[in-house]
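Data block below; observations after.
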Amino acid sequence: MEYVPGSELDRLARGGKHQGVVALAPPFRYLSLGELLKQAKTITSAPFLIICAHLQDPQNLGSLLRTADAAGMHGIIIPEDRSVKVTPAVRKVAAGAAERLPVARVVNLVSAVGQLKEAGFWIYGAEADGADPYYNVDYSGPFALVIGSEGKGLSRLLRRHCDGTISIPMRRGTGSLNAAVAAAVIIYAAAAQREGWVPRPRS
């Protein structure tokens, strides 16, 4: 630790809010999808992954990373283009989760979904009009949850390649939840089921 004047902290933070502390860290290291799968399968035979389909808001990605890490999920997948990256702002919101939870970057999400299916994963997309309520889904096997972009949700092509869609029932007129909030609801339903806190749905 080194104590420096506030002006030096301002320079190092490059305009960001540093709250009196600045840490220098190496650039974030992304995994390939193959590396992520190999790493996840050393932990469990039934990994749970999150696919972020073109999220734009650093707050959403950071919050999702933090939730997924806290719930014991095994990794995040993001596309290389038209998506927020793991920036300093994302790492700040993630509160350390970005350093623990592996993140893979892929060129094409549909191809990534195909690769996951070949590896035995079930792929479900979160949609406001999804066919299955989130509490009726069996999350016990290898599973990937697709979270759509803010405003647009899942593309038709990506939705078509999912094995199913998951919805969160709404009692009032709100059309949908914030992407990170919707992901948190489903992630913790999955965690509760996978950890044995609640029974799996009967088929």
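Worth pointing out:
- Dipole of the chain computed with +1 at Lys/Arg Cβ and -1 at Asp/Glu Cβ about the Cα centre; of 137, 71, 6, farthest Cα towards the positive end is 137.
- log10 of Debye I(q)/I(0), alpha-carbon scatterers only, for the range 116-158 at 0.13 Å⁻¹: -0.31
- Residue 150-residue 95 FRET efficiency (beta carbon distance; Förster radius 22 Å; 0.05 resolution): 0.55
- Each DSSP beta bridge with both residues in the range 28-194 is either parallel or antiparallel, and the antiparallel ones are about 5%.
- Largest-first ellipsoid semi-axes for the range 19-119, taking √(5λ) over the Cα gyration tensor eigenvalues, angstrom: 23, 15, 12
- Based on C-alpha pairs under 8 angstrom that are at least 6 apart in sequence, the chain has a relative contact order of 22 percent.
- Sorted on the mean count of surrounding Cβ atoms within 10 Å across their residues, most packed first, peptides 52-63, 155-166 read 52-63, 155-166.
- The chain: DSSP helices with Cα axial extent of at least 15 Å and average Kyte-Doolittle hydropathy no lower than -1.0: 33-43, 58-70, 179-194
- Mean projected area (nm²) of the alpha-carbon convex hull when the chain is viewed from all directions: 13.3
- Globularity index of the range 77-151 is 1.25 (Cα radius of gyration / 2.2 N^0.38 Å, N = number of residues).
Bear in mind that the values in this text are calculations on the coordinates, not laboratory data. This is a predicted model, so every value here is computed, not measured. Positions of Cβ are backbone-derived with ideal geometry, glycine not excepted, and every protein chain shown enters the neighbour counts.
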